[in-house]
1. Apply the a/c threshold of 1.5 to the C-alpha gyration tensor of the range 129-244 and tell me whether it is rounded, prolate or oblate.
2. Suppose accessible area is computed on protein heavy atoms with a 1.4 Å probe; arrange 119, 183 from highest to lowest.
3. Can you count the Lys pairs in the range 174-294 whose Cα atoms are under 26 Å apart, with each pair 8 or more apart or on different chains?
Amino acid sequence: MKHRDDNKVLNFIMDVTDTVTVVWWKFFDWLAVVPWSSLLGISLVAMIIGGALGLGGLMPMLVFASIIIKSLAGGKRRAEIAATAAATRADVEALERRVLEAEMAALQAQIEPHFLFNTLALIGQLIETNPAQATVVHQHLIKYLRSAMPQMRDKGNGKLGQQMDMCRAYLNIMQARMQERLTYDIDLPSELEFLPFPSMMIQTLVENSIKHGLEPKTTGGHISITAKKVDGQLLVEVNDNGMGFDLHADDGMGLTNIRERLKVLYSGKAQLVIEAPQTGGAIVGILVPVDTKQ
């Protein structure tokens, strides 16, 4: 408080008030953190000393008041701790999201040029050998970029229908490269098209199916992409009849990225499911809550 030089009594009262206020809040904070066992022990000693000094019922009243204040202070302290923990958790989650966005951008920066250069090289070859097919592949590339670009600008957010459109354009381009060695089908119910779904995940599963499942196989194979609701969740599966999946092998960069993104985006409520059917091939699914927004 600001002192007035012309009034010593008022200054004294203000100093006492300041001191009492400081002592009170220190006492309040101390009560908030002191264990109940310690408080009860101190209270017992205080009552004994008060009785010896002839303070009568003053000490029991102070002890009772301390217990009441302790209950209030404890609630205040718990609320502060919970608020601090929630703020810290939100900051950590925001940081994890930014890190994953950066990792995904880096992953796309590695994948996209490789895919684009290969596609442009394919178009160049087809211009000389099959101009009509070159035009078709060029159109598929445009569709792919139209699906991919908005998701890159939106930092990885998108709709399931957009993901499927991008995969369809990608598979059409890969069909032009692999010819009869690659067939595919996509099953997406219309009511699921506008549900939120993290970008590049289905694309990564399709790329893995081709790279590790179908391309090494002499006869190639078939890829099926399906989306459906299962017990209130959205399940998207990529199924191929290729070389199969080694369940004991490491996930690789693509699948590891998917696992980490799912963990952060859905707080542990989503998962990557991998199956190796006895008939061969692989089934890799992404299960996410239907109503959870990214």
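1. On the way: a/c = 2.11, a/b = 1.27, b/c = 1.67.
Verdict is oblate for the range 129-244.
2. On the way: 119 0, 183 65 Å².
My answer, sorted largest first, is 183, 119.
3. Here the count comes out as 10.
The values are calculated or read from the model by the stated rules, or taken from the named source; none is laboratory data. Note that the structure is predicted; figures quoted are calculated from it, not measured. SASA here: full protein model, heavy atoms, side chains in, ligands and nucleic acids out. Shrake-Rupley method; radii C 1.70, N 1.55, O 1.52, S 1.80 Å.
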